[in-house]
Amino acid sequence: MTVALAALIAAGCGNDSSSKDETTAAKGAVPPSLRTVESASEDIIDLALAGRRAEVVQKARRLNAAAEGIDGVDVRAAKVATLAASAPLLDVALASNRVFALVPGLFARYDTPVPASVTKLDYYDFEAKLESRADDVPKLKAAVGGLAGTWGSLRADVPDKRAAAQYESHVKAMARLTDNADPSATQREAQHGLDLVDKLEESFAG
């Protein structure tokens, strides 16, 4: 591990993607409401970045309804719904990713073939992409630190070693881009990571 990457892992400590629920025993399938929280929060980010306000508002309503009664998620989802109609779309996307940050810990309560840490990688790549857009370098570095730390705990367990090697290269590339000197390059690499996470999920799902 390079010195720069080790420093980024340290910077990512204390991140918002809580793992406190990951030791909870499996309790069957993930509830449909939580699946909706996962998909809607991701969709809102993509729609917001594409400038599709009306669809953001619609998805935010769906997210808010699905999050009802889910402790911690409901408050964050309500904020997304409040922001959706008129706030800057980047702010809406960041708020939606704060909802998505809670998904890995919640999914870990249930019986799923894909480890919660894979979903965490999705969160961190989204966060890096968004913080690059916001030109918030400290938060970008923290996101990449969280990405590196999560990947370090997961990579040995990935069944598809080619997919693992590709993601390893991605993490190293992100570590080189955290100064955000070329935001478009940082955001492209973060999106590349999001695409690679799909391969990791396929690897575990078999």
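Overview of results
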quantity: LEU154 vs. criteria closer than 26 Å to THR178 by Cα and crowded, with 24+ Cβ neighbours inside 10 Å; calculated: no
quantity: Cross-chain or 6+ apart pairs with Cβ under 9 Å, region 85-102 first and more than 24 Å from SER33 (Cα to Cα), then outside any helix (DSSP H, G or I) and modelled with pLDDT of 95 or more; calculated: LEU89/ALA50; LEU89/GLY51; LEU89/ARG52
quantity: Residues that are among the charged types (D, E, K, R), buried (at least 20 other Cβ atoms within 10 Å of the Cβ) and under 13 Å from LEU83 (Cβ atoms), drawn from region 25-68; calculated: LYS59
quantity: Region 87-116: number of residues that are surrounded by fewer than 19 Cβ atoms within 10 Å (Cβ to Cβ) and closer than 24 Å to PRO159 by Cβ; calculated: 5
quantity: Lone qualifier among LYS139, LYS129, LYS120 - being within 15 Å of the chain's Cα centre (by Cα), surrounded by fewer than 24 Cβ atoms within 10 Å (Cβ to Cβ) and under 24 Å from ASP91 (Cα atoms); calculated: LYS139
quantity: Residues of region 184-201 satisfying the condition of being touching a Leu at 6+ places or on another chain (Cβ under 8 Å) and buried (at least 17 other Cβ atoms within 10 Å of the Cβ); calculated: THR186, GLU189, GLY193, VAL197, LEU200
quantity: Check on ARG188, under 25 Å from SER41 (Cα atoms) and either free of Cβ contacts under 8 Å to residues at least 40 places away in the same chain or not in a helix (DSSP H, G or I) (or both); calculated: yes
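The values are calculated or read from the model by the stated rules, or taken from the named source; none is laboratory data. As the structure is a computational prediction, the values presented were derived from the model and not from experiment. Quick reminder, even Gly has a Cβ in these numbers, built from the backbone with ideal geometry, and neighbours come from all protein chains shown.
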